[in-house]
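The values are calculated or read from the model by the stated rules, or taken from the named source; none is laboratory data. Everything quoted here is computed from the prediction, not taken from an experiment. Note that we place each Cβ from the backbone using ideal geometry, even for glycine, and neighbour counts take in every protein chain shown.
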There are 2 protein chains.
Amino acid sequence: MTTREPDAGHAGASRGGAAAPRVRLVDVAREAGLSKTTVSAALNGTGRLSPAVREKAVETARRMGYRPNATARQLRAGRARLIGYVVGEFAGEPWTYLDSPYFAQLTGATSAAALRHGYALVMLPAGTLQREWADLPLEAVIVADPVEDDPLVEDFLAARIPVFSDASVAGREGAHWVDLDTDAAVRECLEHLRAGGARRTALVLPDSTTRFHRQMLAAYRAWCAAHGAEELVTLVPEPGNGPVVRAVERALTAEPRPDGLFVVAEASPPLVMDAARRLGLAAPRDVRVVCVSEDESAAHADPPVSTLSLRPVEVAEKGMALLVAALEGGSSTPPGVLLTARLEVRASS
Amino acid sequence: MTTREPDAGHAGASRGGAAAPRVRLVDVAREAGLSKTTVSAALNGTGRLSPAVREKAVETARRMGYRPNATARQLRAGRARLIGYVVGEFAGEPWTYLDSPYFAQLTGATSAAALRHGYALVMLPAGTLQREWADLPLEAVIVADPVEDDPLVEDFLAARIPVFSDASVAGREGAHWVDLDTDAAVRECLEHLRAGGARRTALVLPDSTTRFHRQMLAAYRAWCAAHGAEELVTLVPEPGNGPVVRAVERALTAEPRPDGLFVVAEASPPLVMDAARRLGLAAPRDVRVVCVSEDESAAHADPPVSTLSLRPVEVAEKGMALLVAALEGGSSTPPGVLLTARLEVRASS
DNA sequence: GTGAAAGCGCTAACAG
DNA sequence: CTGTTAGCGCTTTCAC
């Protein structure tokens, strides 16, 4: 069988839709009157070649528009420098998670960090099936916010693909994690509100089984118990600004009325302040407010809203450093990293 | 040289950090007492095999935890089903673009659509260099919102990688596009505002050279000219809620005051209404407002804000359909597709 | 019905 | 200093 028969046409200008056969290393070598090895070495700056030969190889390659076949290199190298990226939380709605500024920033920062380390990130929509990623040469996978006993995590681990996620995967073989110190975060917020005078701080929390939300609730309860404060929890039945706003209204119309509000549910901060205003409450005079949010609009609301940042950019960068260390540095890497959230105090509290 | 010498250890349980050598097709074949061919056929359901043999092959593969090497398959297949995805607009800030709900939805919907068609999307942060994607076996690349004469687009085209983008690339060899009918969109908004009674509608627009923004401005001017209306344009010097809010304030304090406001700059709709309220203006009584936005918070603002949706999900899906057709269907695909924006009328107008 | 062998495009030993 | 050769792991004609 001659080498290139199956392909579209010969080297000449293909007129129709048939793509011109891509020029290979061997084509360049033949044209330059050199061997594959020499050309390869010249292009990769690898071997010891005479400047004249190297120049000739490089020039010929350039002239012929040669581009190395990435797949062949990957096969040769035994690795593809490809990392999968999934967000587990909203498995029902395959793409909506990016609407959340937290995940938007996490995703963007992760892909940037990956590229800086020489890896590319492939986006796997939540709910992706095994057979959809099985054809990808993934070296590792990042699962942001997995649900409890996430089947995705199980599948990747079973396939011996290292998983990078939050602390819910801690202790499993091949699993690494980056997580937030939620206890410290909740404590800082509640004590900040208390220092401002709040004695009854209500919590607005999604009715979800995400690890993060469960931990925030537990930390809130622990803090209340430790300080003899009454637990005031309003659950948000589903994601979205509407449900959160209604929950805020419910929380603020309880009797006796809370004088502190800690909104952990993802919502537009200006809308939270709108809700308070509609109830005739001014912040921070009547109620001191802190929202968990990465939404930049918080700083421009009226009044500007204090936020607790979950630091997606730092999470992404620490996570990628951990991933690269684990993938390349051998086995002596720590299994996980704990980060601290950051409270941005603004006028609302 | 024996085949597997370079690898970590032998088949036995590797104790240290050394990864267990992955099981290959040939290992399964040997274990099952069959040939590579037979096992391959069995696993792919390809050849004509006796049920017994097929069963044996499949069972052995399962037992040994065999997973095909994706890279080898890709090399064999001659394609990797990988598509690059870049957002060109904010080349200065490598990740912030996802903060915008439009791009967030576009990105998510694109990756979902890609996977549905059997392709995976690799995220290339804005500002990615040639040498960073050259090692990826990309079959095509999607460039959302390229800047004028985007070097990224030039590089991809020069590398003979098909580019899918907006209409600014129209007419170039290997370039395909999906775009919005901005004329129709602007007309619909301005006529809607006018029908509500607005006689002086101001435009708030980013001071950017993005094709979209230039077209919106041109369409606004054309409409004003055609209707004998005065042009009232306020430019936003840089992205972000703060600058947009200040521009809105400037626009609304002009003399004589506008009675219509068309905000094309990306901002949190509740903040726009806050700005109007601070100036003592009620919508729609004093000023009728339409914002270009995909932000769900618009529907919950006080009053709810009318929005012009650029339909990122539809753009993503049409674009992916076009891409797949061009990549697989041959050459008879249209070069581009034009979509219509959607005006969501709410109380603010 | 089953298996041997070629080869996808590249890089890295090893001769010359 | 350069070229020949052996594979990376898989699929697929083509003989048997």
Original post:
Out of (1) of a type in the set (S, T, N, Q); (2) assigned to a loop (DSSP other than H, G, I, E, B); (3) under 30 Å from A:SER306 (Cβ atoms), what's the single condition that is false for A:SER111?
Top reply: (2)
Original post:
Right, B:GLU148: over 28 Å from B:ARG79 (Cβ atoms), surrounded by fewer than 16 Cβ atoms within 10 Å (Cβ to Cβ), of a type in the set (D, E, K, R) and within 14 Å of chain A (Cβ to nearest Cβ) or not?
Top reply: no
Subject >> Enumeration of residues in the range A:44-62 that are closer than 21 Å to B:TRP133 by Cα and not β-branched (Val, Ile, Thr) >> reply: A:ASN44, A:GLY45, A:ALA61, A:ARG62
**OP:** Mind counting the residues in the range B:233-248 that are farther than 22 Å from B:LEU310 by Cβ and surrounded by 19 or more Cβ atoms within 10 Å (Cβ to Cβ)?
**Re:** 0
**OP:** Check whether at least one residue in the range B:259-277 is within 21 Å of B:LEU343 (Cα to Cα) and of a type in the set (Ser, Thr, Tyr), and report yes or no.
**Re:** yes
Subject >> Tally, over the range B:300-334, of residues that are within 12 Å of another protein chain (Cβ to nearest Cβ), crowded, with 17+ Cβ neighbours inside 10 Å and outside any loop (DSSP other than H, G, I, E, B) >> reply: 7
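Among the residues of the range B:249-272, which ones are within 13 Å of another protein chain (Cβ to nearest Cβ) and either closer than 16 Å to B:LEU308 by Cβ or of a type in the set (Gly, Ala, Ser) (or both)?
Across the range B:249-272, the qualifying residues are B:GLU266, B:ALA267, B:SER268, B:PRO269, B:VAL272.
For (1) crowded, with 16+ Cβ neighbours inside 10 Å; (2) in contact with a Pro (Cβ under 8 Å, 6 or more places away or on another chain); (3) within 14 Å of chain B (Cβ to nearest Cβ); (4) not in a helix (DSSP H, G or I), each residue gets a yes or a no:
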site	(1), (2), (3), (4)
A:ARG160	no, no, yes, yes
A:ASP183	no, no, no, no
A:VAL186	yes, no, no, no
A:CYS189	yes, no, no, no
**OP:** Determine, yes or no, whether B:VAL86 is within 12 Å of chain A (Cβ to nearest Cβ), among the β-branched types (Val, Ile, Thr) and in contact with a strand residue (DSSP E or B) (Cβ under 6 Å, 6 or more places away or on another chain).
**Re:** yes
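Quick one: would you say B:LEU138 is modelled with pLDDT of 95 or more, within 16 Å of DNA strand C (Cβ to nearest atom) and either buried (at least 23 other Cβ atoms within 10 Å of the Cβ) or more than 7 Å from chain A (Cβ to nearest Cβ) (or both)?
Working: modelled with pLDDT of 95 or more: yes; within 16 Å of DNA strand C (Cβ to nearest atom): yes; either buried (at least 23 other Cβ atoms within 10 Å of the Cβ) or more than 7 Å from chain A (Cβ to nearest Cβ) (or both): yes.
The answer is yes for B:LEU138.
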Original post:
Scanning for something at pLDDT 95 or above, basic (Lys, Arg) and either outside the structural domain of A:ARG131 (by TED's automatic domain parsing) or surrounded by fewer than 23 Cβ atoms within 10 Å (Cβ to Cβ) (or both), does the range A:205-226 turn up at least one residue?
Top reply: yes
Subject >> Qualifying positions in the range A:18-65 - within 14 Å of another protein chain (Cβ to nearest Cβ), of a type in the set (Gly, Ala, Ser) and either surrounded by 15 or more Cβ atoms within 10 Å (Cβ to Cβ) or in contact with a Ser or Thr (Cβ under 6 Å, 6 or more places away or on another chain) (or both) >> reply: A:ALA20, A:ALA61
Subject >> Conditions (1) closer than 17 Å to B:ASP145 by Cβ; (2) touching a strand residue (DSSP E or B) at 6+ places or on another chain (Cβ under 8 Å); number of the one not met by B:VAL233 >> reply: (1)
Original post:
Out of B:VAL290, B:VAL272, B:VAL337, which single residue is in a strand (DSSP E or B) and in contact with a Cys (Cβ under 7 Å, 6 or more places away or on another chain)?
Top reply: B:VAL290
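Return yes or no: is A:GLN130 polar (S, T, N, Q), surrounded by fewer than 17 Cβ atoms within 10 Å (Cβ to Cβ) and in contact (Cβ under 8 Å) with a residue 24 or more places away in the chain? Steps first, answer last, please.
Numbers: polar (S, T, N, Q): yes; surrounded by fewer than 17 Cβ atoms within 10 Å (Cβ to Cβ): yes; in contact (Cβ under 8 Å) with a residue 24 or more places away in the chain: yes.
Yes; evaluated as a whole, the condition is true for this residue.
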Original post:
Do we find that A:PRO6 is within 12 Å of DNA strand D (Cβ to nearest atom), within 12 Å of chain B (Cβ to nearest Cβ) and modelled with pLDDT under 95 in this structure?
Top reply: yes
Original post:
In the range A:74-85, which residue that is more than 9 Å from DNA strand D (Cβ to nearest atom) and charged (D, E, K, R) is surrounded by the most Cβ atoms within 10 Å (Cβ to Cβ)?
Top reply: A:ARG81
Subject >> One residue from A:LEU75, A:LEU115, A:LEU152, A:LEU129 being within 18 Å of B:ALA120 (Cβ to Cβ), at pLDDT below 95 and touching a Ser or Thr at 6+ places or on another chain (Cβ under 7 Å) >> reply: A:LEU115
Subject >> Residue selected from the range A:98-111 under the condition facing chain B (nearest Cβ under 7 Å) and touching a strand residue (DSSP E or B) at 6+ places or on another chain (Cβ under 9 Å), by the criterion modelled with the lowest pLDDT >> reply: A:LEU98
Subject >> Tabulated pairs, the range B:38-67, first part of a helix (DSSP H, G or I), second of a type in the set (Asp, Glu), C-beta under 7 angstrom, 6+ apart or interchain >> reply: B:THR60/B:GLU31; B:MET64/B:ASP27; B:MET64/B:GLU31
